[in-house]
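First up is the structure itself, then whatever we jot down about it.
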Amino acid sequence: MTTDTRNQDTEDLKKAEWKVRTELAAAYRLVALFGWDDLVFTHLSARVPGPDHHFLINPYGLLFHEITASSLVKVDQNGEVVESGSISRVNPAGFTIHSAVHMGREDAGAVMHLHAADGVAVSAHRDGLLPLSQTAMLCLDHLSYHDYEGVALNLDERERLIRDLGDKSMMLLRNHGVLTAGKDVPETFTYLYFLMKACEIQVKTQSCGPVYLPSEAAIRTTAEQSQSLGMAARLTWPALVRLLDSKNPGYGV
C-alpha cells in the first residue's frame, strides 16, 4: 500500500467518524427535544468506523441538549478513554450496558438506552408491552426482555444482557428502561421512537380502564409487516434532522 493510499484511507475514516459523531450528537439532542432525557444519566453510543473496537458515548456531566459532535468521548471495549473533549468522564454503568451490546453484536453500530418514564412504566408492568396499538404491534417481534440486577456496574451482567437481547433490536430492561440497537444511529433512533411511542400509548390506554385487544390474526399480520421497520429511518431521520435544525442547531461542531 502506498503512502498516498494510506493517507486517503485515514482521511476517509476521519470523515466517516465525524459523520457518526454528528448523527449521535443529533440523537442526544432529539432525545432532549422529545423529553426522554434524565438529567445527565442514560446513554446513546455508536461504533467508530475502522478496525479498532472503539465507540462514542456522552461525557458524564453534560445535559443531552448540550451534546456536540466534538464533545463525545471515544472509549475502547474496556471503558478506557481513547479521545475526549473538555470532559473525559464516562458513566461506568453506561459502559457496562453499551459495551455488552457492541462486543456481543457485530451488527450493532449504535445502541440507545433511556430511563424515560413511560418506558420504565411498561418495563415494570407484569405483561410488558401489550398489543394495544399498531405501533406496539410493529415492535413486538423485535422486542426482548432483561431482568433488573441492580445498577449496571457488574461486568458479569454483560453476558446475560447480550444473551437476553439475542438478535432483537429492542429491549425492555425490567424496572429500568428501554434499549434499542441498530446498524447505525438513524436506524437505532427510529427503533427507539417506535418503542417509546408504543409505551406512551400503553400507559395512556391503561389509565382509561379496560383495554380492547386486536385479534391474534391481526397481531401476526402486523408482526410480518414489521420486518422492514428499520428501513423507515430513510424517511424519518432526514425529517428529524430538519426538526432539530429548526429547534436546537449547533450539534455538529
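None of the figures in this text is laboratory data; all of them are computed from the coordinates on show. What you see is a predicted model, and the numbers here were worked out from it, not measured in a lab. Here the Cβ positions follow ideal geometry from the backbone for every residue, glycine too, while neighbour counts run over all protein chains shown.
Side notes on the structure shown:
- In nm, spacing of pseudo-spin labels at D164 and S207 (7 Å Cα→C-beta vector): 2.7
- Amide H contacts of A116 (H built 1.01 Å from N, under 5 Å, at least 5 apart or other chain): V178
- For region 61-134, taking the reciprocal of the average inverse distance between every pair of different Cα atoms yields a Kirkwood hydrodynamic radius of 14.9 Å.
- GluC sites (Glu not before Pro) restricted to DSSP loop in region 51-148 with at most 12 other C-beta within 10 Å: E80, E106
- For region 1-101, chymotrypsin sites (Phe, Trp or Tyr not before Pro) are listed when DSSP marks them as loop and at most 10 other Cβ atoms sit within 10 Å of their Cβ; the list is empty.
- Cα-based helix-to-principal-axis angle, 92-104 vs the chain, degrees rounded to 10: 90
- Here the Gaussian network model covers the chain, with springs between Cα atoms less than 10 Å apart; of T96, T222, T42, T222 fluctuates the most.
- Built amide H within the under 5 Å cut-off of V82, gap 5+: K74, V75, D76
- Rule-of-thumb Rg ratio for region 142-197 [Cα; 2.2 N^0.38 Å; N residues]: 1.12
- Distance between region 66-95 and region 221-253 - C-alpha centres, whole angstrom: 25
- Converting phi to 3J(HN,Hα) with the Karplus coefficients 6.51, -1.76 and 1.60 and the offset θ = phi - 60°, region 111-117 yields 9, 10, 9, 10, 10, 4, 4 Hz in sequence order, with x at every glycine or proline.
- The alpha-carbon of K14 sits under 27 angstrom from the alpha-carbons of these lysines, leaving out residues fewer than 8 places away in its chain: K74, K183.
- Here the label points at R89 and E11, each 7 Å from Cα along the C-beta direction, are separated by 3.9 nm in the simple model.
- According to the Cα-based calculation, Rg over Rh for the chain is 0.98, with Rh computed by the Kirkwood formula.
- Helix 233-247 axis versus longest C-alpha principal axis of the chain: approximately 70°, rounded to the nearest ten.
- Expected 222 nm ellipticity per residue - DSSP helices of 4 or more, -39500 (n - 2.57), all of the chain, to 500: -14500 deg cm²/dmol
- Once the C-beta distance of Y148 and D127 is scaled by a Förster radius of 25 Å, the resulting FRET efficiency is 0.95 to the nearest 0.05.
- Placing unit charges on the Cβ atoms only, positive for Lys and Arg and negative for Asp and Glu, gives the chain a dipole magnitude near 540 debye about its Cα centre.
- Using alpha-carbon coordinates, inclination of helix 216-225 to the longest axis of the chain, degrees: 20
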